[in-house]
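Engineer: Input: one structure, supplied below.
Nothing in this text is a laboratory measurement; each read-out follows from the coordinates by a stated rule. Just so you know, these numbers come straight off a predicted model, no measurement behind them. Don't worry about glycine lacking a Cβ; one is built from the backbone with ideal geometry, like all the others, and counts go over all protein chains shown.
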């Protein structure tokens, strides 16, 4: 099966209204910017975005500004800023976008469980907090835990450094973050990469994401932030 | 009101005195981020950034060493020390939740007498971001909170019960503010050290729970 697509627009052509999409990245590092921009261009509506952050120099803000988001699930939706309210905060307060705030470790483990065929797991994180509301609590060997459920998606938009044409991926620096985990948890995983090489050119010892988790690959430019605040 | 006591940098400097050789340390956003600048001479600690780096060094300050694929959890580009490594977020929180991190320094909005921590949401704003704080507070072997002693309007941040949404219950071991260093003990909050020029009574007047005066109460070394 051919995995390499010529453009980001072609790679996301079947992402329909109402899609549940995972987006890798921590701030803009490891964020699939080319796929996000293509989705903004395509105009897909009622998207549920599953992402660590939104508006932290990543470009997911654009989906919010374009009113393409229905729901956001992640650890860092809101941030303190002196420069007015970011779009997601305005949209949340106006009740245009639903937001589920999840502790970061629970967030990634729910995705891991979703990809690994695990039906749920018990974590001590969130006991006695709002994160515990409506969840089963269980004491195991004297420690209190919450039952957390898996997260899955229709699509995972991920970012990697290099792919081979079979979809094997390697990363660079801290861009790895949520990408290898999200790659396992969606029906279709699309990788936004800086370089595509022939099969055999990546050292099998250093491949982080095995190609079986990756359905589509598209090469695009790298987007560094201008700075941080 | 003139802010008495320590600057943010001095709070970070005092916290840094808790760093010990070989510790794995995670620093939260705000004052905690500054702590790495004050690591005592001769003490080697390994800083963990929850976005996936173990062993980062000083912030990359100029064009020549900025690499946007090497950031810490505050989004700042960092340098790497020899032996540094990268990992994905599930491994990162295996380290954190699994008890493999020795010390975490977090910012705080409120800390209760029992060591409950609230640090992710001011209720009047109607929203907040948990980030990795809940996992860090639950998973790290030791939790230090670095924060201003009062809110901007002078309300105590050390309270009988947190009125803000909790990050974790009974998680905090040590609190370092601009006025004092205070240990959380089963008997209550033990005031161990005072910032220069600050009295016990002054700290008590800005603290909701009763403070226990340490038998070894002393001026903070900075």
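Engineer: Report the FRET efficiency, 1/(1 + (r/R0)^6), for residue B:124 and residue A:136, where r is their Cβ-Cβ distance and R0 is 45 Å, rounded to 0.05.
Structural biologist: Numbers: r = 31 Å, r/R0 = 0.70.
Computed FRET efficiency for residue B:124 and residue A:136 comes out at 0.90.
Engineer: Report Rg(Cα)/(2.2 N^0.38 Å) for region B:8-219, keeping two decimals. Please list the in-between numbers first.
Structural biologist: Details: Rg = 17.2 Å, N = 212, 2.2 N^0.38 = 16.8 Å.
It is 1.02.
Engineer: What order do you get for A:136-144, B:97-105, B:57-65 when each peptide is scored by the mean count of other beta carbon atoms within 10 Å, highest first? Please report the intermediate quantities before stating the final value.
Structural biologist: Values: A:136-144: 9.9, B:97-105: 20.2, B:57-65: 12.0.
Top of the packing list down: B:97-105, B:57-65, A:136-144.
Engineer: Only helical DSSP H runs with n ≥ 4 go in: add -39500 (n - 2.57) per run for chain A, normalise by residue count and round the 222 nm mean residue ellipticity to 500 deg cm²/dmol. Walk me through the numbers on the way to the answer.
Structural biologist: Numbers: 6 runs with 43 residues, N = 229.
For chain A, the value works out to -5000 deg cm²/dmol.
Engineer: Is region B:115-206 best put as rounded, prolate or oblate by its Cα gyration tensor, with a ≥ b ≥ c the root eigenvalues, rounded for a/c under 1.5, and otherwise prolate when a/b is larger than b/c, oblate when not?
Structural biologist: Values: a/c = 2.08, a/b = 1.34, b/c = 1.55.
In terms of gyration-tensor shape, oblate.
Engineer: Based on the Cβ-Cβ distance from residue A:226 to residue B:217, what FRET efficiency comes out when R0 is 51 Å, to the nearest 0.05?
Structural biologist: Working: r = 49 Å, r/R0 = 0.96.
After rounding, the FRET efficiency stands at 0.55.
Engineer: In nm, to one decimal, how far is the modelled label at residue A:65 from the one at residue A:195, with both set 7 Å along Cα→Cβ?
Structural biologist: Simple spin-label model gives 3.2 nm for this pair.
Engineer: OK, next. Helix-only mean residue ellipticity at 222 nm, chain B, DSSP H runs n ≥ 4 weighted -39,500 (n - 2.57), per residue, nearest 500. What is it?
Structural biologist: Details: 5 runs with 35 residues, N = 222.
Helices in chain B give a 222 nm mean residue ellipticity of -4000 deg cm²/dmol.
Engineer: A further question on this structure: Using a basic spin-label model with each label point 7 Å from the Cα along Cα→Cβ, how many nm lie between residue A:98 and residue A:143?
Structural biologist: If labels sit at residue A:98 and residue A:143, their model points lie 3.2 nm apart.
Engineer: Let me ask you something else. For region A:183-224 and region B:115-170, what is the separation of their Cα centres, given in Å?
Structural biologist: Cα centroid of region A:183-224 versus Cα centroid of region B:115-170: 39 Å apart.
Engineer: Counting only other chains, what is the mean number of Cβ atoms within 10 angstrom of the Cβ of each residue in peptide B:79-90?
Structural biologist: Working: counts 0, 1, 0, 0, 0, 1, 0, 8, 5, 16, 19, 13.
Mean partner-chain Cβ count within 10 Å for B:79-90: 5.
Engineer: Run the numbers on region A:39-116 and let me know its relative contact order in percent, using alpha-carbon pairs under 8 Å that are six or more apart. Don't skip to the end; give the middle numbers.
Structural biologist: Values: 105 pairs, mean separation 23.7, N = 78.
Relative contact order, region A:39-116: 30 percent.
Engineer: Report, as an integer, the average count of C-beta atoms from other chains found within 10 Å of each Cβ along B:60-70. Write down the numbers at each step before the final one.
Structural biologist: Values: counts 0, 0, 0, 0, 0, 0, 2, 4, 14, 11, 5.
Mean shielding by partner chains, rounded to a whole number: 3.
Engineer: Let me ask something additional. Give me the inter-chain shielding for A:179-185: mean count of other chain Cβ atoms within 10 Å, whole number please. Provide the component values of the computation, followed by the final result.
Structural biologist: On the way: counts 3, 5, 4, 2, 1, 1, 0.
Mean partner shielding for this stretch: 2.
Engineer: Among the DSSP beta bridges whose two residues both lie in region B:8-219, what percent are antiparallel, rounded to the nearest 5?
Structural biologist: So the antiparallel bridges amount to about 50 percent of the total.
Engineer: Hey, what did chain A get for relative contact order, percent, Cα under 8 Å, at least 6 apart?
Structural biologist: On the way: 521 pairs, mean separation 53.8, N = 229.
Result for chain A is 24 percent.
Engineer: Would you work out the relative contact order for chain B, in percent, from Cα pairs under 8 angstrom that are 6 or more residues apart?
Structural biologist: On the way: 496 pairs, mean separation 41.9, N = 222.
RCO, chain B: 19 percent.
Engineer: So, one more: Take the Cα of residue B:7, step 7 Å along the line toward its Cβ, and report every residue of region B:163-206 whose backbone nitrogen sits under 16 Å from that point.
Structural biologist: Output list for this probe position: B:178-179, B:196.
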